[in-house]
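S.K.: The structure is given below, and queries will be raised subsequently.
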Amino acid sequence: MRLIAFDVEGTLVKARSSWVELHKRFGTWEKGKEYAQLFFSGKIDYEKWAELDASLWLGRSREEILEWANSVEYNDYAFELVEFLRENGFKIALLSSGLMCLAGRVARELKADYVFANELVFKDGKVAGVIPRVNFEGKGVILRQLKEQLKPELTVAVGDGLNDLSMFREADVAIAINPHEGVEGDHVVESLREVREIIEGLIGGR
């Protein structure tokens, strides 16, 4: 059995950040940028950052959130890549610091085995808060737990952001796809098609 962990936003789908996209959609991006600066300057922790961000959307309807999530397009070759992986004995995990409204949809449609993401809380169909399940360093912890549970012969991680570096450190092979500045992997690619080519090379001798 083999294991592959994907970041979602910017990796499997074209949206780079569900937090940023929803801020822009709801006109709360200026305040959202202030909260991001507080986090990256070390003045608040990730849980507080998520709470503050979600507080800007209190009262927004579940329908508004899902309308955005359902509009996000996949990156080219996402379905073909995942089918190839399943055919070659991979368990597929989606690890997102974004929101479950999008990550859950992607997991269902790609038939992933596991999905982890932050979850907006709804009361009477309106945003009432957030449960931060995947913090900025959380992907590495989650991937380590999956490895301990599944004991795969090969673990691959694919992502593009700084918050993917923790899962890169847990993987046997890290693949950075169109990476942000400061993000490096064992391989750097521009497309999901290239991810398949690398994995074909990895499993060819196994």
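The values are calculated or read from the model by the stated rules, or taken from the named source; none is laboratory data. Predicted model only: the values in this text are computed from it and were never measured. Please note: Cβ atoms are built from the backbone with ideal geometry, for glycine as well, and neighbour counts cover all protein chains shown. Please note that ligands, DNA and RNA were not included when accessible areas were found on the heavy atoms of the full protein model with its side chains. Shrake-Rupley method; radii C 1.70, N 1.55, O 1.52, S 1.80 Å.
S.K.: Just the residues that are open to solvent by 10 Å² or more (accessible area, probe 1.4 Å) and either under 26 Å from Ser191 (Cα atoms) or touching a Leu at 6+ places or on another chain (Cβ under 6 Å) (or both), please, taken from the stretch 16-28. Steps first, please.
M.R.: Going through the stretch 16-28, the residues open to solvent by 10 Å² or more (accessible area, probe 1.4 Å) turn out to be 16-17, 19-21, 24-28.
Listed by number, the residues that qualify are Arg16, Ser17, Trp19, Val20, Glu21, Thr28.
S.K.: Filter the stretch 5-48 for residues that are free of Cβ contacts under 8 Å to residues at least 60 places away in the same chain, in contact with a helix residue (DSSP H, G or I) (Cβ under 6 Å, 6 or more places away or on another chain) and among the hydroxyl-bearing types (Ser, Thr, Tyr) and give the result.
M.R.: Matches in the stretch 5-48: Tyr35 only.
S.K.: Just the residues that are closer than 17 Å to Arg193 by Cβ and among the aliphatic types (A, V, I, L, M), please, taken from the stretch 72-91.
M.R.: Within the stretch 72-91, Ala78, Leu81, Val82, Leu85 qualify.
S.K.: Separate question: For the stretch 55-65, check the following and say yes or no: at least one residue is crowded, with 17+ Cβ neighbours inside 10 Å and closer than 25 Å to Ile4 by Cβ.
M.R.: No: the stretch 55-65 contains no residue that is crowded, with 17+ Cβ neighbours inside 10 Å and closer than 25 Å to Ile4 by Cβ.
S.K.: Here's something else I'd like to know. Between a first residue in the stretch 111-122 that is farther than 15 Å from Leu22 by Cβ and a second residue that is β-branched (Val, Ile, Thr), which pairs have beta carbons less than 7 Å apart while being 6 or more apart in sequence or on different chains?
M.R.: From residues that are farther than 15 Å from Leu22 by Cβ, the pairs are Ala112/Ile92; Asp113/Ile92; Phe116/Val134; Phe116/Ile142.
S.K.: Oh, and also: Can you tell me how many residues within the stretch 167-185 are modelled with pLDDT of 95 or more and more than 18 Å from Arg2 (Cα to Cα)?
M.R.: Of the stretch 167-185, the ones modelled with pLDDT of 95 or more are 167-177.
Then keep just the ones that are more than 18 Å from Arg2 (Cα to Cα); that gives 176-177.
Here the count works out to 2.
S.K.: Being of a type outside the set (A, V, I, L, M, F, W, C), surrounded by fewer than 18 Cβ atoms within 10 Å (Cβ to Cβ) and modelled with pLDDT under 95 narrows it down to one residue among Tyr74, Tyr114, Tyr46; which is it? Before you say what the answer is, go through the steps one by one.
M.R.: Values: Tyr74 fails: modelled with pLDDT under 95; Tyr114 fails: modelled with pLDDT under 95.
Step by step, each of Tyr74, Tyr114, Tyr46 is checked, and only Tyr46 is of a type outside the set (A, V, I, L, M, F, W, C), surrounded by fewer than 18 Cβ atoms within 10 Å (Cβ to Cβ) and modelled with pLDDT under 95.
S.K.: With the checklist (1) open to solvent by less than 60 Å² (accessible area, probe 1.4 Å); (2) under 27 Å from Asp53 (Cα atoms); (3) modelled with pLDDT of 95 or more in hand, flag the one item Glu119 doesn't pass.
M.R.: (1)
S.K.: So, one more: So, in the stretch 1-11, of the ones that are over 14 Å from Ala176 (Cβ atoms) and in a loop (DSSP other than H, G, I, E, B), which residue ends up modelled with the lowest pLDDT?
M.R.: Ranking the candidates gives Met1 first.
S.K.: Still on this structure, I have one more. Considering only the stretch 140-161, I want to know if a residue exists there that is under 19 Å from Asp53 (Cα atoms) and open to solvent by less than 30 Å² (accessible area, probe 1.4 Å). Full working, then the answer.
M.R.: The initial filter retains those residues of the stretch 140-161 that are under 19 Å from Asp53 (Cα atoms), namely none.
Among the residues of the stretch 140-161, not one is under 19 Å from Asp53 (Cα atoms) and open to solvent by less than 30 Å² (accessible area, probe 1.4 Å), which makes the answer no.
S.K.: Sticking with this one: Out of the residues in the stretch 6-15 meeting the condition of being touching an Asp or Glu at 6+ places or on another chain (Cβ under 8 Å) and not β-branched (Val, Ile, Thr), tell me which one is surrounded by the fewest Cβ atoms within 10 Å (Cβ to Cβ). Write out each step before concluding.
M.R.: Just the residues of the stretch 6-15 that are touching an Asp or Glu at 6+ places or on another chain (Cβ under 8 Å), to begin with: 7, 10-11, 13-15.
Applying the additional criterion that residues be not β-branched (Val, Ile, Thr) yields 7, 10, 14-15.
Details: Asp7: 25, Gly10: 20, Lys14: 11, Ala15: 19.
For the stretch 6-15, the residue satisfying everything is Lys14.
S.K.: For the list (1) without any contact (Cβ under 8 Å) to a residue 24 or more places away in the chain; (2) open to solvent by 30 Å² or more (accessible area, probe 1.4 Å); (3) not polar (S, T, N, Q), I need the number of the one condition that Ala174 fails.
M.R.: (2)
S.K.: All but one of (1) touching a strand residue (DSSP E or B) at 6+ places or on another chain (Cβ under 6 Å); (2) at pLDDT 95 or above hold for Asn163; state the number of the condition that does not hold.
M.R.: With respect to (1) touching a strand residue (DSSP E or B) at 6+ places or on another chain (Cβ under 6 Å); (2) at pLDDT 95 or above, Asn163 is out only on (2).
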